[in-house]
Structures are given as C-alpha cells and as structure tokens.
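No value in this document is a laboratory result; all are computed from the given coordinates. This one's a predicted model, so the numbers in the text were calculated from it and none came from an experiment. As a convention, Cβ positions derive from the backbone with ideal geometry for all residues, glycine included, and neighbour counts pool all protein chains shown.
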Amino acid sequence: MINKERIMDKTHVSEVLYFTEITSTNTYLKDYGKVNSDKKHVLVVADSQTKGRGRLHKSFYSPDSGLYFSLLYRFPLSIQKLQLITITAAVAVAKTLKDLYRLDVKIKWLNDIYLNQRKLCGILTEGVLSQGNHYDFIVLGIGINVKTPQRIPEELEGIFAALDEEINNFDKETFLIHFINNFDQYMNNLERYQENIISTYKDLCFILNKNIRILNSDKLLFAYDINSEGHLLTKDEDNKVHQLNSGEVSIIYED
Ligand code: BTN
C-alpha cells in the first residue's frame, strides 16, 4: 500500500495512482498523459509489472519484491535533452540512497544503477512528441529491486542486486518523497545544476576510463568522457573518437 496523501503533502506531485499490478507504469502514464492534457506532475506507483520495459525494447523483470514508478513532467523539452533527464535522475537516485541509507551505488552509463557490481535499478525516460523537435511531456520511469526474490531468472543470475543485501529499513514512501524532491530541485534549475550533475555522474560512472565493447561489435573502445548532452565519448584503437548515444548501443564492460 502507498499513502498517497503523504506523498502529495510532501512533494509537488498533484496526483498519485497506485496499483498492486500493472502492465508498465511508463506505458500507463504515457497513455494517461495523452488523454489528460491538463494533468501535470502525476505519479504512478506499482508493486509489480507484467510488461515492465527497459531501454532498447528490452523487458524489465518486475516481481512484487520491487518498487516501480513513473513521473509525468509537462514542459517543452528539446529531443537532444532527453539523455540529460536520465542522467539527472540517476544522480538523484544515488543522492537519495546516500542521504537516507548511507548507501554507495555506482552508475553504468547511461541508465543503470549498480550495487555490489550488479544491477539494482533501471531508468527509462520517454518523451511524447508534440510538433517540431520538442516533447510535449516526458515520463520518467524507475524500477528498483528492493528485496531479493525467491527465484532469480536464469538470465539475471549474477547480474541482479537488491537493496536488502545492504539495508533492511527501506520504505517506499520515504524514498519516493526524497527522490521526487531531489529530482525536482535539479529539474527546476537544470541550467544552474547541469555542470554539477554531469560531474557527479562522471564520478559515479564506473565505465569511465575503462575499455568497453558495444553489443554486436568486436571493436574495443576506451571510454574517456561524458559530454554536456550525456553522450559517452570513446576512442578506438586507432585513436578515432566515437560519440555514443544511449538510444543506439548497449555497453559490455571489459575492465
Ligand atoms: C532499463 O533497465 O533499461 C530501464 C528499466 C526501467 C524500468 C522502469 S520500472 C518503472 C517504469 N515502467 C517500465 O515499464 N519501465 C520503467
């Protein structure tokens, strides 16, 4: 259960929709946002998802041992800035876990939060287009593994982490309230915070200054920087620069 009033009381969220089970909080909120064009700052929370989605059309395992939520922000955003929203959300997740539970997490570019070298949390930011090259509204979706489930699917063995490995006092509402306030503070002053956000993100990003490979390519790349738009800058063995966009690539971390 979620105490909707407490969340609305302590954040700028104006509506909270809660489900024990849903297909995907992102899919639901995108549809909701299209029909309810007057609604701003809506939060959808679910205990489990039957069709949880990740980046690059991957599925996101969403049993009832996790926290899955999506937030709707209605303001014009240029398409180029979408990655920056994911970066901002990743920094806000890390800050919230540190502030509340003294927990240190790492980030795998672009949208994965890691604990104990395994994936704890995924972020999926989606924009719904209006005319021109601006989004009408965006939906920020976050899934966090709270408890280790009885059975971890074979394909996630060795790469799945949950908060209960380190803490046993996680409270969904408290996390949501702090995360939303941290994220909103950045979003309301994005210009001012941008440099700081990118630099914190780089400090936490464990693939920086490492060799990486891209899925379905045998090229070895050295990841050396992240630019102000959130692109990963890499160099190949001939020193040629490749600017990677998260919409196109999946990173395999080498060392
Ligand atoms: C990824 O791992 O590539 C991103 C995963 C994002 C999962 C969250 S859970 C809440 C929201 N609803 C979804 O279907 N996806 C996001």
Efficiency of FRET between His242 and Lys147 - r from beta-carbon atoms, R0 41 angstrom, step 0.05:
0.55
Can you give the FRET efficiency for Glu21 and Lys98, using 1/(1 + (r/R0)^6), R0 = 45 Å, r = Cβ-Cβ distance, to the nearest 0.05?
0.90
Run through the DSSP bridge list for region 1-130 and note the antiparallel percent, rounded to the nearest 5.
65 percent
Which number gives the lysine pairs in region 38-104 that have C-alpha atoms under 23 Å apart and are eight or more places apart or on different chains?
4
Summarise the long-distance tail of P(r) for region 203-243 by giving the % of C-alpha pairs beyond 15 Å.
36 percent
Extending each Cα 7 Å along its Cβ direction at Asp171 and Arg213, get the distance between those two points in nm, one decimal.
4.6 nm
Order by protection proxy (mean Cβ within 10 Å, highest first), peptides 60-71, 78-89, 142-153
60-71, 78-89, 142-153
Relative contact order [Cα under 8 Å, 6+ residues apart], region 116-255, whole percent
14 percent
Dmax and Rg, reported as Rg then Dmax, of region 1-138 (C-alpha, Å):
15.1, 44
Compute the relative contact order of the chain as a whole-number percentage, counting only Cα pairs closer than 8 Å that sit 6 or more residues apart in sequence.
17 percent
Zero-based 10 Å bins, Cα pair distances in region 1-67, whole percents
20, 45, 31, 3
Under the Kirkwood approximation applied to all pairs of distinct alpha-carbon atoms, what is the hydrodynamic radius of the chain in Å?
18.7 Å
Using the Kirkwood radius over Cα pairs, work out the Stokes-Einstein diffusion coefficient for region 114-215 at 25 °C and 0.890 mPa s, in µm²/s as a whole number.
147 µm²/s
Using the beta-carbon distance between Ser48 and Asp9 and R0 = 41 Å, what value does 1/(1 + (r/R0)^6) give for FRET efficiency, to the nearest 0.05?
0.95
Neighbour-count ranking [beta-carbon atoms within 10 angstrom, fewest first] of Phe206, Phe222
Phe206, Phe222
Tell me, what are the semi-axes, in whole angstrom and largest first, of the equivalent ellipsoid of region 93-166 as set by the roots of 5 times the Cα gyration tensor eigenvalues?
28, 16, 10
